[in-house]
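Heads up, the thing below is written out as structure tokens.
The values are calculated or read from the model by the stated rules, or taken from the named source; none is laboratory data. All values reported here derive from a predicted model rather than from experimental measurement. When we count neighbours, we look across all protein chains shown, and the Cβ atoms used for this are built from the backbone with ideal geometry, even at glycine.
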């Protein structure tokens, strides 16, 4: 019947429509509140087609998500003034970025997905460690840059998890200045300090 809009069949731009609908949903609602059924409805497809193309909500999220910052811009800002204070500057960036709702939704969504699906974990490593932290550690020039990058990533991911997902009370209530003051020296040590075991 002319003028009737039915569900989109497989093919005919279906995958692209699902990706576009998922991008809108995750951006507007965040990871926890987004459902495959709502994405399918927005894309004009059956929910089974979403799972056919992407398998799970986690996998779909990983497919559409991008970091809420440009790693090259961040790295230039962090290392530009020199080695001294690099941890403080990285902490200032990370804490400040997580104060914005859109960036916080993206980062918490990434961690939620990575905790339950290996494909998502690989994507997180690619986005955060491979694109930002490992190049940063290499540029600083210390020994074992991959270990330094991983330690830095663990600190940052742990902060997101404990403050914004688990909501540890005192940590969730801390001001950004408190967090930067506490985390900055730790990141400085990971990125530029002595990581050798004490052999004395």
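Computed quantities for the displayed model
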| quantity | calculated |
| --- | --- |
| Breaking point among (1) over 13 Å from the mean Cα position of the chain (by Cα); (2) at pLDDT below 90, for residue 76 | (2) |
| Residue in region 176-185 that is surrounded by fewer than 16 Cβ atoms within 10 Å (Cβ to Cβ), modelled with pLDDT under 95 and either under 12 Å from the mean Cα position of the chain (by Cα) or not assigned by TED's automatic domain parsing to the domain that holds residue 32 (or both) present | no |
| Residues within region 104-124 that are under 25 Å from residue 185 (Cβ atoms) and either surrounded by fewer than 16 Cβ atoms within 10 Å (Cβ to Cβ) or not assigned by TED's automatic domain parsing to the domain that holds residue 179 (or both), tallied | 0 |
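Rundown of residues vs (1) in contact (Cβ under 8 Å) with a residue 60 or more places away in the chain; (2) more than 18 Å from residue 70 (Cβ to Cβ), yes/no style:
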| position | (1), (2) |
| --- | --- |
| 114 | no, yes |
| 128 | yes, no |
| 134 | no, no |
| 140 | yes, yes |
| 146 | no, yes |
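Every residue, every condition in (1) within 25 Å of residue 99 (Cβ to Cβ); (2) out of contact with any strand residue (DSSP E or B) (no Cβ under 8 Å at 6 or more places or on another chain); (3) surrounded by 21 or more Cβ atoms within 10 Å (Cβ to Cβ); (4) touching a residue at least 24 places away in the same chain (Cβ under 8 Å), yes or no:
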{"site": "17", "(1), (2), (3), (4)": "no, yes, no, yes"}
{"site": "30", "(1), (2), (3), (4)": "yes, yes, no, yes"}
{"site": "33", "(1), (2), (3), (4)": "yes, yes, no, no"}
{"site": "38", "(1), (2), (3), (4)": "no, yes, no, no"}
{"site": "50", "(1), (2), (3), (4)": "no, yes, yes, yes"}
{"site": "63", "(1), (2), (3), (4)": "no, yes, no, yes"}
{"site": "68", "(1), (2), (3), (4)": "yes, yes, no, yes"}
